[in-house]
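*Asks:* Supplied in structure tokens, the structure appears directly below.
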Amino acid sequence: MHNKVHLSRVLFYCGIVLLCFCMVAPLYLLIKVSFSAPQEVNTAHPTLLLHHPTVRHWQQVLTSGNLFKPFWKSLVVATSTMLLAVFLVAPASYVISRASRHLKELYVMVLFFTKMFPVVGIALPISVVFLKWGLLDTNIGLILAHLIGQIPFMAWILVSTFSSIPRDLEEAASLDGCSKMRTLWSVVLPVAAQGIAVSGLYVWLNSWNEFTYALYLSLTTKTLPLQVYYYVQRGGTFQMAAYATILTIPVILVTFVMQKYLRSDYLSGAVKG
Amino acid sequence: MRRFLKKYWFELLLIAPMTLYLLGFTILPIFQSILMSFQDDTGKFAALHQYQVLFAKPQFMKSIGNTFFVTLVSLCYQLALALLIALALKKAFHGRGIVRAIVLMPMGIPTMVSGVMALYIFGTSGYFNEILYRLHLISTPIPWTTGGMRSLWVIIFADTWKVLPTLVLLLLAGLDAIPDTIYEAAKIDGASATRTFFSITLPLLKPSVTMSVLFRAVDAFRIFELPQILVGTAVPFVATYSYEEYAAGNLQLSAASSTILLVMILLFTLVYMKVIDRGEGFNHA
């Protein structure tokens, strides 16, 4: 009996170690390749450890002049998408959260429904229209497109955030003579600030990583993910690694900040009564 | 009407921008897309012409099969794995905090980057082949990403790495919501671990599982980025096929294939809700 317990414990830890290895190994390889001498990677038998570290690829990427433009475009688009999304979604989510149960469920279902549309199906007519409007290759066009994917999810999170704020707060404020606007601004918003911030960061991340709309709506300008894709197509093994690492660094920073506040029940919360 | 406006003008003002945006930039385009699929190249009504062309293309038929295969297999595989990990993370053991952080790490990694990593691992002179070679399992490298069943599995593995954290998080939340007292009662009644799992954990986890299945299935059907990076046109999926037609200038064909994709997603959701879930999980989540 004792042996059996012992064995299952060993197996359990083996599984855990294997799991952690599978999760971490790809990240290690990415960084390793970006610092490897070509003869370590471009062979039939690549080395598993870093034998000849070199910063040559990084120097190349950083000094080539191809980095700043896509980086800046991604940064501008992601940040604007986040701000616009907050302005569009936060007020609407508040109203939805205060609507009757029936109306609320209906709106949340519609949001879920729009999440089911294939991105390629939306991007196609959008790109046709944007071509007419001269919005291809512009930041504004890309921001408008990124909002499409981000609104349903953000609304989902924010409806559940606002729903968790008791109505008594607002009633007390209105008894004290606050206008609707004033109540919303100085009573509800401060309580919901954390939820809004987390969902905003989430939108920022998704926009930073977004690929499909960027592919449809860009002809000559590139975002960072498109830049990575460009090197994937050209087989630029080392540039690909360096650019992918650059793409990942802000993400890790943001995730680190967000993880403390991200609650998994945000996802299911909106559906609750 | 006027009274309604007067009473609710503030609420309407708040909700209008987002609603209009959704109508103009999500609902309208999808209908335009469907409409386009029934037109010929000049914009005239052409009934099912585009669909006839589409279904005559072997590449497209292959893309439907691939999409279904990857969706169904990755759903089952990822759910089982995520449940196993969530259950393990519920246990108290040394280093649980670190393991949790490591498991959740890929959540933030861009899909593009996970695709690049998969290229390094599953490339013909990649690290997976190298490990197999060093273990003397193979003598000549296997081309993983050039097509066939192998490539589908590569896509499933790469996808799993990326989405596992979200699934684990969802299921962990579901597990946390099951009160400990039920487990204690089961223990007092002498239920075995297996019995407890199948009679308590699984049924009570159903709402979380439903949420996860629907979220995952929709994303899996729409899979685009990973195949685009990993296998290009060698292994077509409905979404990547639609892009190929778009890039080749056949807008109506692209619209038709994305409409087919929409129908696939709607059908799956409907069947799942009606047959497997019967409306229990979603409404009471």
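The values are calculated or read from the model by the stated rules, or taken from the named source; none is laboratory data. What you see is a predicted model, and the numbers here were worked out from it, not measured in a lab. Note: ideal-geometry Cβ built from the backbone for every residue, glycine included; neighbour counts use all protein chains shown.
*Asks:* Name the residue, out of A:W156, A:W208, that is at pLDDT 85 or above and more than 24 Å from A:V108 (Cβ to Cβ). Full working, then the answer.
*Replies:* Details: A:W156 fails: more than 24 Å from A:V108 (Cβ to Cβ).
Unique residue meeting the criteria: A:W208.
*Asks:* Which of the residues belonging to the range B:115-144 are at the interface with chain A (Cβ under 7 Å from one of its Cβ atoms), among the small types (G, A, S) and under 24 Å from the mean Cα position of the chain (by Cα)?
*Replies:* Answer for the range B:115-144, where residues must be at the interface with chain A (Cβ under 7 Å from one of its Cβ atoms), among the small types (G, A, S) and under 24 Å from the mean Cα position of the chain (by Cα): there is none.
*Asks:* Hey, another quick one. Do we have B:P236 as within 30 Å of B:V53 (Cβ to Cβ), touching a residue at least 12 places away in the same chain (Cβ under 8 Å) and not in a helix (DSSP H, G or I) here? Please lay out each step first, then the result.
*Replies:* Values: within 30 Å of B:V53 (Cβ to Cβ): yes; touching a residue at least 12 places away in the same chain (Cβ under 8 Å): yes; not in a helix (DSSP H, G or I): yes.
The answer is yes for B:P236.
*Asks:* Where the second residue is not in a helix (DSSP H, G or I) and the first is basic (K, R) and lies in the range A:101-122, which pairs have Cβ atoms under 8 Å and are six or more apart or on separate chains?
*Replies:* A:R101/A:G273
*Asks:* Has the range B:100-121 got any residue that is of a type in the set (F, W, Y) and surrounded by 14 or more Cβ atoms within 10 Å (Cβ to Cβ)? Outline the logic, then answer.
*Replies:* At the first step, the residues of the range B:100-121 found to be of a type in the set (F, W, Y) are B:120.
Now restrict to residues that are surrounded by 14 or more Cβ atoms within 10 Å (Cβ to Cβ): B:120.
Among the residues of the range B:100-121, at least one is of a type in the set (F, W, Y) and surrounded by 14 or more Cβ atoms within 10 Å (Cβ to Cβ), which makes the answer yes.
*Asks:* Now, a different point. Only one residue in A:V61, A:V76 is in a helix (DSSP H, G or I) and over 16 Å from A:A244 (Cα atoms). Which one? Step through it out loud before you land on a result.
*Replies:* Working: A:V61 fails: over 16 Å from A:A244 (Cα atoms).
Checking each option against the conditions leaves just A:V76.
*Asks:* Of all residues in the range A:1-56, how many are part of a helix (DSSP H, G or I) and of a type outside the set (G, A, S)? Explain how you work it out, then say what you get.
*Replies:* Going residue by residue through the range A:1-56, those that are part of a helix (DSSP H, G or I) are A:2-34, A:38-41, A:56.
This time we only want the ones that are of a type outside the set (G, A, S), so: A:2-7, A:9-14, A:16-24, A:26-33, A:38-41, A:56.
Looking only at that region, the number is 34.
*Asks:* Considering only residues that are assigned to a loop (DSSP other than H, G, I, E, B) and touching a strand residue (DSSP E or B) at 6+ places or on another chain (Cβ under 9 Å), look in the range B:1-48 and name the one that is farthest from A:L147 (Cα to Cα). Explain how you work it out, then say what you get.
*Replies:* First, the residues of the range B:1-48 that are assigned to a loop (DSSP other than H, G, I, E, B): B:1, B:37-38, B:40-44, B:46-48.
After this cut, where a residue has to be touching a strand residue (DSSP E or B) at 6+ places or on another chain (Cβ under 9 Å) as well, the list is B:38, B:46.
Values: B:F38: 28, B:A46: 33 Å.
By that ranking, first place goes to B:A46.
*Asks:* Is there a residue being surrounded by 14 or more Cβ atoms within 10 Å (Cβ to Cβ), at positive phi and in the same structural domain as A:K73 (by TED's automatic domain parsing) anywhere in the range A:158-166?
*Replies:* Within the range A:158-166 (the criterion being surrounded by 14 or more Cβ atoms within 10 Å (Cβ to Cβ), at positive phi and in the same structural domain as A:K73 (by TED's automatic domain parsing)), the answer is no, since none of the residues qualifies.
*Asks:* Consider A:K132 carefully, then state whether it is more than 19 Å from the chain's Cα centre (by Cα), surrounded by fewer than 21 Cβ atoms within 10 Å (Cβ to Cβ) and free of Cβ contacts under 8 Å to residues at least 60 places away in the same chain. Break it down stepwise before answering.
*Replies:* Values: more than 19 Å from the chain's Cα centre (by Cα): yes; surrounded by fewer than 21 Cβ atoms within 10 Å (Cβ to Cβ): yes; free of Cβ contacts under 8 Å to residues at least 60 places away in the same chain: yes.
So A:K132 passes the test.
*Asks:* Taking only the range B:25-41 into account, find how many residues are over 27 Å from the mean Cα position of the chain (by Cα) and either surrounded by 16 or more Cβ atoms within 10 Å (Cβ to Cβ) or within 14 Å of chain A (Cβ to nearest Cβ) (or both). First the steps, then the outcome.
*Replies:* Narrowing the range B:25-41 to residues over 27 Å from the mean Cα position of the chain (by Cα): B:38-41.
With the extra rule that they be either surrounded by 16 or more Cβ atoms within 10 Å (Cβ to Cβ) or within 14 Å of chain A (Cβ to nearest Cβ) (or both), the set shrinks to B:38-39, B:41.
Summing the residues that are over 27 Å from the mean Cα position of the chain (by Cα) and either surrounded by 16 or more Cβ atoms within 10 Å (Cβ to Cβ) or within 14 Å of chain A (Cβ to nearest Cβ) (or both) in the range B:25-41 gives 3.
*Asks:* Within the range B:49-63, can you find the residues that are part of a helix (DSSP H, G or I) and among the aliphatic types (A, V, I, L, M)? Full working, then the answer.
*Replies:* Here is the first cut: in the range B:49-63, the ones part of a helix (DSSP H, G or I) are B:49-55, B:58-63.
Within the range B:49-63, B:V53, B:L54, B:M61 meet the criteria.
*Asks:* Here are B:A285, B:A256, B:A239: which of them is buried (at least 17 other Cβ atoms within 10 Å of the Cβ), closer than 25 Å to A:L111 by Cα and at pLDDT below 85? Lay out the reasoning, then the answer.
*Replies:* Numbers: B:A256 fails: at pLDDT below 85; B:A239 fails: at pLDDT below 85.
Result of the check over B:A285, B:A256, B:A239: B:A285.
*Asks:* Of B:D159, B:D180, which residue is buried (at least 20 other Cβ atoms within 10 Å of the Cβ), more than 9 Å from every other protein chain (Cβ to nearest Cβ) and out of contact with any Gly (no Cβ under 7 Å at 6 or more places or on another chain)?
*Replies:* Values: B:D180 fails: buried (at least 20 other Cβ atoms within 10 Å of the Cβ).
Exactly one residue qualifies, and that residue is B:D159.
*Asks:* Among the candidates A:V89, A:V77, which residue alone is under 22 Å from A:V198 (Cβ atoms), in contact with a His (Cβ under 7 Å, 6 or more places away or on another chain) and surrounded by 14 or more Cβ atoms within 10 Å (Cβ to Cβ)?
*Replies:* On the way: A:V89 fails: in contact with a His (Cβ under 7 Å, 6 or more places away or on another chain).
Every option except A:V77 fails the conditions.
Residues are listed down the side, and each one gets a yes or a no for (1) without any contact (Cβ under 8 Å) to a residue 12 or more places away in the chain; (2) out of contact with any Gly (no Cβ under 6 Å at 6 or more places or on another chain); (3) over 21 Å from A:I16 (Cα atoms):
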residue	(1), (2), (3)
B:A101	yes, yes, no
B:P106	no, yes, no
B:F122	no, yes, yes
B:S125	no, yes, yes
B:L137	yes, yes, yes
B:G147	no, yes, yes
B:S151	no, yes, yes
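Residue by residue, here is whether (1) within 12 Å of chain A (Cβ to nearest Cβ); (2) part of a helix (DSSP H, G or I) holds:
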| residue | (1), (2) |
| --- | --- |
| B:V163 | no, yes |
| B:L169 | yes, yes |
| B:P203 | no, yes |
| B:T210 | yes, yes |
| B:I223 | yes, no |
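*Asks:* Which condition does A:Q150 not pass, out of (1) modelled with pLDDT under 90; (2) crowded, with 19+ Cβ neighbours inside 10 Å, if it passes all the others?
*Replies:* Of (1) modelled with pLDDT under 90; (2) crowded, with 19+ Cβ neighbours inside 10 Å, only one is false for A:Q150: (1).
*Asks:* Let me confirm something: among B:K91, B:K57, B:K62, which residue is closer than 22 Å to A:F21 by Cβ and either away from chain A (no Cβ under 14 Å) or surrounded by fewer than 17 Cβ atoms within 10 Å (Cβ to Cβ) (or both)? Walk me through how you get there before you give the answer.
*Replies:* On the way: B:K57 fails: closer than 22 Å to A:F21 by Cβ; B:K62 fails: closer than 22 Å to A:F21 by Cβ.
Checking each option against the conditions leaves just B:K91.
*Asks:* Would you pick out the residues in the range B:129-156 that are part of a helix (DSSP H, G or I) and surrounded by 18 or more Cβ atoms within 10 Å (Cβ to Cβ)? If you could, list the steps in order and put the result at the bottom.
*Replies:* In the first step, residues of the range B:129-156 are kept if they are part of a helix (DSSP H, G or I); the result is B:129-134, B:148-156.
Result: B:N129, B:E130, B:S151, B:L152, B:V154, B:I155, B:I156.
*Asks:* While we're here: Name the residues in the range A:14-30 that are within 8 Å of chain B (Cβ to nearest Cβ) and under 21 Å from B:A92 (Cα atoms), would you?
*Replies:* Of everything in the range A:14-30, those that are within 8 Å of chain B (Cβ to nearest Cβ) and under 21 Å from B:A92 (Cα atoms) turn out to be A:G15, A:I16, A:L19, A:C20, A:M23.
*Asks:* Another question, then. Somewhere in the range A:218-234, is a residue touching a helix residue (DSSP H, G or I) at 6+ places or on another chain (Cβ under 8 Å) and without any contact (Cβ under 8 Å) to a residue 12 or more places away in the chain?
*Replies:* Taking the range A:218-234 as the starting set, the residues that turn out to be touching a helix residue (DSSP H, G or I) at 6+ places or on another chain (Cβ under 8 Å) are A:218, A:221-229, A:231-232.
From what is left, the residues that are without any contact (Cβ under 8 Å) to a residue 12 or more places away in the chain are A:232.
Yes, the range A:218-234 contains a residue that is touching a helix residue (DSSP H, G or I) at 6+ places or on another chain (Cβ under 8 Å) and without any contact (Cβ under 8 Å) to a residue 12 or more places away in the chain.
*Asks:* Okay, moving on. Kindly list the number of the only condition in (1) in a loop (DSSP other than H, G, I, E, B); (2) buried (at least 23 other Cβ atoms within 10 Å of the Cβ) that fails for A:L142.
*Replies:* Answer for A:L142: the failing condition is (1).
*Asks:* Okay, moving on. Restricting attention to the range A:108-134, report how many residues are assigned to a helix (DSSP H, G or I) and modelled with pLDDT of 90 or more. Walk me through how you get there before you give the answer.
*Replies:* Start the filter on the range A:108-134 by keeping residues that are assigned to a helix (DSSP H, G or I), which leaves A:108-115, A:119-133.
Adding the requirement that they be modelled with pLDDT of 90 or more leaves A:119-133.
Of the residues in that region, 15 qualify.
*Asks:* Pairs only if they're at least six apart or on different chains, beta carbon under 7 angstrom, first in the range B:175-194 and touching a residue at least 24 places away in the same chain (Cβ under 8 Å), second part of a helix (DSSP H, G or I) and of a type in the set (A, V, I, L, M); list them, first residue then second.
*Replies:* Close Cβ pairs satisfying both conditions: B:L175/B:A86; B:L175/B:L205; B:I178/B:L204.
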